[in-house]
1. With respect to Gln103, determine if the residue is in a strand (DSSP E or B) and in contact (Cβ under 8 Å) with a residue 24 or more places away in the chain.
2. Name every residue in the stretch 96-111 that is surrounded by 19 or more Cβ atoms within 10 Å (Cβ to Cβ) and under 20 Å from Glu148 (Cβ atoms), in order of residue number.
3. So if I check each of Tyr211, Tyr174, Tyr232, which one is more than 24 Å from Pro92 (Cα to Cα) and under 16 Å from the mean Cα position of the chain (by Cα)?
4. Among the residues of the stretch 112-143, write down those that are farther than 19 Å from His194 by Cβ, open to solvent by 20 Å² or more (accessible area, probe 1.4 Å) and not in a loop (DSSP other than H, G, I, E, B).
5. Cβ-Cβ below 8 Å, separation at least six or inter-chain, first residue in the stretch 176-197 and within 20 Å of Glu228 (Cα to Cα), second part of a strand (DSSP E or B) and basic (Lys, Arg): which pairs?
6. All but one of (1) out of contact with any strand residue (DSSP E or B) (no Cβ under 6 Å at 6 or more places or on another chain); (2) farther than 20 Å from Ile176 by Cβ; (3) at pLDDT below 95; (4) surrounded by 15 or more Cβ atoms within 10 Å (Cβ to Cβ) hold for Gln146; which doesn't?
Amino acid sequence: MTRFFLILNLLWIAVFTSAYSQTLKLLLDTAIQADLIQLDPLGNIYVLRQSDKTLLKYDVNFKLLHQTTLQNNWNEVALDVSDPFKLILYYPGDFQMSLFDAQLHLIQTLYEPELSENTRICHFDSERLILYDGNKLYIKNYHTQQIENSIYSGLNLPVKGRDVSILKFQDKIYFICRYVGIQSFTTQLFEHDHWKDPDLETASLNSKSIYKIKNNKIFGFSQKTGIETELYSGINRIRQLSTSHDKVAILEGGRLKLFN
């Protein structure tokens, strides 16, 4: 019996270690001029440059595929590429958002009356958006302008848009708040879970993990176990973080680094 429990314990340790050990393998490290980077679910890399108002799209091998010049000047710009065939680009406070196709051709520009300086947007599906307006989180059909669900963010005070990001992954919506933590919601906007983290700067996620940036390091966080593992320590300041289904990209100083 003792031998049985010893074997069982060893098996459990092996499974636990295999399931929750995380590593990052560096795939790309290149100098780049960028103000914002994003990965779409297919692993394509998008780069926004304020100096020449350019949006560029690269493949997973960092080969330039498409680029376009933007008309607006901006102090702040936001981009959602969770649908690689319908990109959302918007300027908080401008009350307009632009939709681009996979070749970076402009599909249309839409007036969005809720698009204040504190608003953040991401895709919900092909017809609807998830919006945070500085006070509440809701789902809105951008064709009919109808709000379908609404819930307060659960925070004691309103949060500025620049401190917030929203992600939809599989059947959950993630509300990421700088120096506060992460909340997850169902697609009906019922709170599912939350994780406080006063050191959190930003986060993103894929099927492997929630990836956090804090103290200029990348951490991997397991939703199932609550285990957090340090994966990478930056030499220069880590300014951006984005994930695809199997890759992690950061903008560290003047370099783009891609991991899997």
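The values are calculated or read from the model by the stated rules, or taken from the named source; none is laboratory data. Only a predicted model underlies this, so the values are computations on that prediction, with no experimental measurement involved. Every residue, glycine among them, receives a Cβ derived from its backbone with ideal geometry; neighbour counts consider all protein chains shown. These area figures cover heavy atoms from the full protein model, side chains too; ligands, DNA and RNA do not enter into them. Shrake-Rupley method; radii C 1.70, N 1.55, O 1.52, S 1.80 Å.
1. Answer is no for this residue.
2. Listed by number, the list holds a single entry, Met97.
3. The conditions single out Tyr211.
4. Arg128, Asn141
5. Pairs that qualify, where the first residue is within 20 Å of Glu228 (Cα to Cα) and the partner is part of a strand (DSSP E or B) and basic (Lys, Arg), are Val180/Lys196; Gly181/Lys196; Ser184/Lys172; His192/Lys172; Asp197/Lys212; Asp197/Lys214.
6. (4)
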